[in-house]
1. Counting only heavy atoms of the protein chains, get the accessible area per residue of the chain (1.4 Å probe) and round it to a whole Å² value.
2. For the pairs Lys49/Lys145; Lys53/Lys145; Lys21/Lys109, note any where the Cα-Cα span goes beyond 23 Å.
3. When the helices in the chain are scored as -39500 (n - 2.57) per DSSP H run of 4 or longer and the sum is shared across all residues, what 222 nm value do you end up with, to the nearest 500 deg cm²/dmol?
4. Please report the projected area of segment 3-146's Cα convex hull averaged over all directions, in nm².
5. Net charge around Leu147, counting only other residues with Cβ within less than 11 Å of its Cβ (Lys, Arg = +1; Asp, Glu = -1)?
6. Give, as a single signed number, the net charge of other residues whose beta carbon lies under 13 Å from the beta carbon of Glu20, with Lys and Arg counted +1 and Asp and Glu -1.
7. Assign one of three labels to segment 5-46, namely rounded, prolate or oblate, based on the Cα gyration tensor with a ≥ b ≥ c the square roots of its eigenvalues; rounded applies when a/c is under 1.5, prolate when it is not and a/b is larger than b/c, and oblate otherwise.
8. What FRET efficiency would be calculated for the residue pair Met1, Arg119, taking the C-beta separation as r and a Förster radius of 30 Å, to the nearest 0.05?
Amino acid sequence: MVLLILPMQLQDIDGVLEVEKGCFPTPWSRNSFISEVRDNDDAYYYVAKLGDKIVGYIGSWFILDEAHITNVAVHPSFRRLGVATQLFNFIFTVGRANGINSITLEVRKSNYGAQRLYRRLGFVVTGMRKGYYQDNNEDALIMWKRLK
Ligand SMILES: CC(C)(COP(=O)(O)OP(=O)(O)OC[C@H]1O[C@@H](n2cnc3c(N)ncnc32)[C@H](O)[C@@H]1OP(=O)(O)O)[C@@H](O)C(=O)NCCC(=O)NCCS
């Protein structure tokens, strides 16, 4: 089956919440996704679909010439298959087409798997936010990648 990357629609949110619950101890609420998809003109959210099943998603904000990744998650049963890589490559392509010059994200200091993914995609660590994550006061690494 072909993996499709499509703009997130309101009707995708049930499937996105399933992914979200399998990925994070404090998942985003339904309302957070609704307001991003419906109300935020700066938000670019995409889902990865295998047939009717949502297996991952990525969210970002495009502000002037910078993109900020707000979240990325892949269902635990569909990891290490390149889904996140395809979601990022899609964002890079959309970003370049929309004048984005650089792209940033935060990642938990302990999330080595995600850090490895980001380094492979060309992100580099540029700084740290102390106690950024409120659930356990964990530090965030700040990573950037130049797109152009
Ligand atoms: C991080 C996450 C999005 C990666 O998704 P994925 O679709 O499995 O990633 P990919 O298959 O595109 O991975 C590509 C490469 O990144 C690296 N990588 C990805 N996940 C990794 C892990 N858990 N451990 C080590 N390396 C990893 C590997 O180099 C991998 O290539 P390989 O499988 O050939 O070794 C997924 O594990 C996830 O949803 N985790 C929980 C949520 C989360 O942590 N999100 C990030 C918040 S900042």
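The values are calculated or read from the model by the stated rules, or taken from the named source; none is laboratory data. What you see is a predicted model, and the numbers here were worked out from it, not measured in a lab. Virtual Cβ from ideal backbone geometry, glycine too; neighbours counted across all protein chains shown. Quick note on the areas: whole protein, heavy atoms, side chains included, nothing else; ligands and nucleic acids left out. Shrake-Rupley method; radii C 1.70, N 1.55, O 1.52, S 1.80 Å.
1. Numbers: 8340 Å² over 148 residues.
Per-residue accessible area for the chain comes out at 56 Å².
2. Values: Lys49/Lys145 26 Å; Lys53/Lys145 30 Å; Lys21/Lys109 21 Å.
Too far apart for the 23 Å limit: Lys49/Lys145; Lys53/Lys145.
3. Details: 4 runs with 40 residues, N = 148.
Calculated from helices alone, the mean residue ellipticity at 222 nm is -8000 deg cm²/dmol.
4. On the way: hull surface 32.8 nm².
Quarter of the Cα hull surface area: 8.2 nm².
5. On the way: positive: Arg96, Lys145, Arg146, Lys148; negative: Asp65, Glu66.
Spelling it out: positives minus negatives among the neighbours equals +2.
6. Values: positive: Lys21, Arg30; negative: Asp12, Asp14, Glu18, Glu36.
Once all neighbours under 13 Å are counted, the net charge is -2.
7. Values: a/c = 1.97, a/b = 1.50, b/c = 1.32.
Cα axes put segment 5-46 in the prolate bin.
8. Numbers: r = 29 Å, r/R0 = 0.97.
The value I calculate is 0.55.
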